[in-house]
Amino acid sequence: MFTETPFIRKKKRNEVIAKCFFGFMAAAMVIPLFLIVGYIVVQGAPAISWEFLTENPRSGGAKGGIWAAIVGTFYIVFFSLAFSAPIGVLAAVYLNEYATENWFTRIVNLAVVNLAGVPSIVHGLFGVGAFVYFANFNDGKKSIIAAALTLAVMTLPVIIASTKEALSAVPRQFREACWNVGATRWQVIWKIVLPNSISGILTGVILQVSRTAGETAPVMLTGVATYKLLDSTGLFLYHPIKDQCMALSMHLYYIATQANNVPKATPFAIATVLIGVVLIVNAAAIAFRVYLRSRKKW
Amino acid sequence: MTKKIQVENLRTFYGTKEVHHGISFDIEQNEIFAIIGPAQSGKTTLLRAINRTLEFTPGTKMTGTIKVDGEDVQKTRDVYGLRRKIGMVAPLPVGLPLTIYDNVAFAPRSSGINDKGFLDAHVEKCLRQSALWDEVKDRLDSLGTKLSGGQQQRLTIARALSHQPEILCLDEFSIAIDPVTTMRIEDVLKELKKEMTIILVTNLVQQARRLAARTMFLWNGDIIELDRNEVMFSDNTKDKRTYEYVNGIFG
């Protein structure tokens, strides 16, 4: 017969207290998210309309919509990932599949880790020096390409890290089995490793879309203007090298702090659109991952 | 008898830890050569030194010479050809995340053979040799990783045979499969002996006794004794430790 001694009773009580305490802390981290998103959406949703999304800003942003900023954000995200995704993925394949432990790989890994820790404003200043003045795409003026490259440098270490993780999730014994039958490293990478890690690689890249879309400081210095409309004739007509563009993040900063006579709801509406874009992209990444995981081969 | 593999004064290292302390022996053509010995005695490392996959582990090093067909493996100009000459079966079954067919066709394809007619016949031959054909012939396009452990082990053997090796190395092939299948594969090995040289690393002393002509007792990176099975499994071993290990007194 089981009898409850005072010691066991105390143990049980402590167990309940500990579980509640840790559970409360876990729940607490959800609260800020709901408060932030809820507050912004409630304030901003009424101001969002078809016209707000598809019209260009007028009167210094006080009236009209945010179409130019939406398009500009897409431009920057697209060109930035066009640079960082291939370079990052290929570098990660080298580091994970080919490199052995030596001074070269140690330096590369050190660079990756430290690059990830550099504040974004410092990346912005670097971008000004390297891409606006030194590379000089646009006669020493800011340009979309300079902003995209700056963000690419910023996102590279994260893409390298996430790709490496996806690659190393493919068990080593698969590689060894292939080496044993006389396959080269490249044959193993192409036939076995990449097909089975592509879901993780793409998820890591897609998640950088939201980060790229949200950054303000680096693009403000290198390629984003407070007010730069699209060509009056068309929709997607920024010139990636000759033009600066608007961007949602920068527009939000400008409207919220610098512009005059702006309706109170407008900044919240911009923030809602920005959050919406990020959430849609992240949700797509998660759905994609779930789909590919259902087809996992081992 | 021609010498298929000649090992001379082999020393191997993981970092600063020495695994083999200068061992020398020969393996003859078309013999089944068994290697027995307790864990950590360097059996697997020896196989990996022969087909030069040891170098995929960072920090490993070897000195001395290993010759396959008289050619020094350290100096060969075609390491992929060397590895194809040697079929390697690891202790734990590895089904590649490909279909059963592609698992077996992987090696021929990676050496440039894409002829469908040849591959079809070849896949069937290898799967028959490894006693797996009857169980999988109707689902060659299902995943190799979804087979049972014992089936995957036979798939691994089929893959090792798929590049038509002259030497077959089996590293404790039977630890993941049932006794009936083990006996079937042992019969296969007796057949294969006619066309290839077989190195059998095993923890089952009786398996070495059943199959091999000669057995080598490896212990802590040294050859304690290497002789014909009649001697190794008799009461007259040269080293007392061999007798004790074979009869389960130590090890």
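The values are calculated or read from the model by the stated rules, or taken from the named source; none is laboratory data. These numbers were taken from a predicted model, which means no experiment stands behind them. Here the Cβ is made from the backbone with ideal geometry for all residues, glycine too, and neighbour counts use every protein chain on show.
Which of the residues that make up segment B:183-197 are crowded, with 16+ Cβ neighbours inside 10 Å, touching a helix residue (DSSP H, G or I) at 6+ places or on another chain (Cβ under 8 Å) and over 13 Å from B:ALA208 (Cβ atoms)?
B:ILE185, B:VAL188, B:LEU192
Tell me the helices (runs of 4 or more DSSP H) entirely within segment A:1-83 that contain at least 2 residues that are under 26 Å from the mean Cα position of the chain (by Cα) and closer than 20 Å to A:HIS251 by Cα.
Per the criteria, A:30-44, A:50-54.
Check A:ARG295 against each of (1) assigned to a loop (DSSP other than H, G, I, E, B); (2) away from chain B (no Cβ under 14 Å) and name the one condition it does not meet.
(2)
Every residue in segment B:99-129 that is surrounded by 23 or more Cβ atoms within 10 Å (Cβ to Cβ) and either without any contact (Cβ under 8 Å) to a residue 12 or more places away in the chain or within 14 Å of chain A (Cβ to nearest Cβ) (or both), please.
Hits for segment B:99-129 are B:ILE100, B:ASN103, B:VAL104, B:ALA105, B:PHE106, B:ALA107, B:CYS126.
Just one of (1) loosely packed, with under 10 Cβ neighbours inside 10 Å; (2) of a type in the set (Ser, Thr, Tyr); (3) under 30 Å from A:LYS264 (Cβ atoms) trips up A:THR5, so point out which.
That leaves (3) as the condition not met.
Only one residue in A:LEU207, A:LEU229 is more than 30 Å from B:PRO91 (Cβ to Cβ) and in a loop (DSSP other than H, G, I, E, B), so which one is that? So that I can check it myself, show each step before the final result.
Details: A:LEU207 fails: in a loop (DSSP other than H, G, I, E, B).
On inspection, the qualifying residue turns out to be A:LEU229.
Quick one: is A:ILE201 under 16 Å from A:LEU156 (Cα atoms), in contact with a Leu (Cβ under 8 Å, 6 or more places away or on another chain) and either assigned to a helix (DSSP H, G or I) or not charged (D, E, K, R) (or both)?
yes
Restricting to segment B:65-83, give me the number of residues that are within 9 Å of chain A (Cβ to nearest Cβ) and either under 20 Å from B:ASP26 (Cβ atoms) or under 13 Å from the mean Cα position of the chain (by Cα) (or both).
Here the count works out to 2.
Mind listing whichever residues of segment B:205-216 are crowded, with 16+ Cβ neighbours inside 10 Å and within 11 Å of B:ILE36 (Cβ to Cβ)?
Scanning segment B:205-216 gives B:VAL205, B:GLN207, B:ALA208, B:ARG209, B:ALA212, B:THR215, B:MET216.
Looking only at segment A:247-298, which residues are surrounded by 18 or more Cβ atoms within 10 Å (Cβ to Cβ), more than 16 Å from the chain's Cα centre (by Cα) and among the small types (Gly, Ala, Ser)?
A:ALA259, A:ALA269, A:ALA271
Is it true that A:GLY88 is at pLDDT 90 or above, surrounded by 10 or more Cβ atoms within 10 Å (Cβ to Cβ) and either out of contact with any Lys or Arg (no Cβ under 9 Å at 6 or more places or on another chain) or among the hydroxyl-bearing types (Ser, Thr, Tyr) (or both)?
yes
Hey, among A:ALA135, A:ALA161, A:ALA130, A:ALA148, which residue is away from chain B (no Cβ under 14 Å) and crowded, with 22+ Cβ neighbours inside 10 Å? Write out each step before concluding.
Working: A:ALA135 fails: crowded, with 22+ Cβ neighbours inside 10 Å; A:ALA161 fails: crowded, with 22+ Cβ neighbours inside 10 Å; A:ALA130 fails: crowded, with 22+ Cβ neighbours inside 10 Å.
Only one candidate qualifies: A:ALA148.
Show the residue pairs that are 6+ apart or on different chains and have beta-carbon atoms under 7 Å apart, the first residue being within segment B:172-200 and over 14 Å from B:ALA131 (Cβ atoms), the second being part of a loop (DSSP other than H, G, I, E, B) and modelled with pLDDT under 90.
Once the first residue is over 14 Å from B:ALA131 (Cβ atoms) and sits in segment B:172-200, its partners that are part of a loop (DSSP other than H, G, I, E, B) and modelled with pLDDT under 90 give B:GLU172/B:PRO91; B:GLU172/B:ASN203; B:ILE175/B:PRO91; B:ALA176/B:LEU92; B:ALA176/B:PRO93.
Which residues, taken from segment B:152-174, are crowded, with 21+ Cβ neighbours inside 10 Å and either assigned to a helix (DSSP H, G or I) or polar (S, T, N, Q) (or both)?
Passing the criteria: B:GLN152, B:GLN153, B:ARG154, B:LEU155, B:THR156, B:ILE157, B:ALA158, B:ARG159, B:ALA160, B:LEU161, B:SER162, B:SER174.
Within segment B:141-151, track down each residue that is within 12 Å of chain A (Cβ to nearest Cβ) and surrounded by fewer than 23 Cβ atoms within 10 Å (Cβ to Cβ). Can you show your working first?
Residues of segment B:141-151 that are within 12 Å of chain A (Cβ to nearest Cβ), as a first pass: B:142-147.
Residues satisfying the conditions are B:SER142, B:LEU143, B:THR145, B:LYS146, B:LEU147.
Collect the residues in segment A:168-193 that are part of a helix (DSSP H, G or I) and free of Cβ contacts under 8 Å to residues at least 12 places away in the same chain, keeping them in residue-number order.
Within segment A:168-193, A:ARG172, A:GLN173, A:GLU176, A:ALA177, A:TRP179, A:ASN180, A:TRP186, A:GLN187, A:TRP190 qualify.
Could you check, for segment A:257-264, whether at least one of its residues is touching a helix residue (DSSP H, G or I) at 6+ places or on another chain (Cβ under 8 Å) and not in a loop (DSSP other than H, G, I, E, B)?
No, segment A:257-264 contains no residue that is touching a helix residue (DSSP H, G or I) at 6+ places or on another chain (Cβ under 8 Å) and not in a loop (DSSP other than H, G, I, E, B).
Run A:TYR238 past the list (1) within 14 Å of chain B (Cβ to nearest Cβ); (2) surrounded by 15 or more Cβ atoms within 10 Å (Cβ to Cβ); (3) in contact with a strand residue (DSSP E or B) (Cβ under 9 Å, 6 or more places away or on another chain) and report the number of the one that doesn't hold.
Of everything listed in (1) within 14 Å of chain B (Cβ to nearest Cβ); (2) surrounded by 15 or more Cβ atoms within 10 Å (Cβ to Cβ); (3) in contact with a strand residue (DSSP E or B) (Cβ under 9 Å, 6 or more places away or on another chain), A:TYR238 misses just condition (1).
How many residues does segment A:166-220 contain that are aromatic (Phe, Trp, Tyr) and more than 7 Å from every other protein chain (Cβ to nearest Cβ)?
Count: 2.
Working only within segment B:201-248, note down all residues that are among the aromatic types (Phe, Trp, Tyr) and in contact (Cβ under 8 Å) with a residue 24 or more places away in the chain. Before the answer, list the steps.
Filtering segment B:201-248 for residues among the aromatic types (Phe, Trp, Tyr) gives B:217, B:219, B:233, B:243, B:245.
B:PHE217, B:TRP219, B:PHE233, B:TYR245, listed by residue number.
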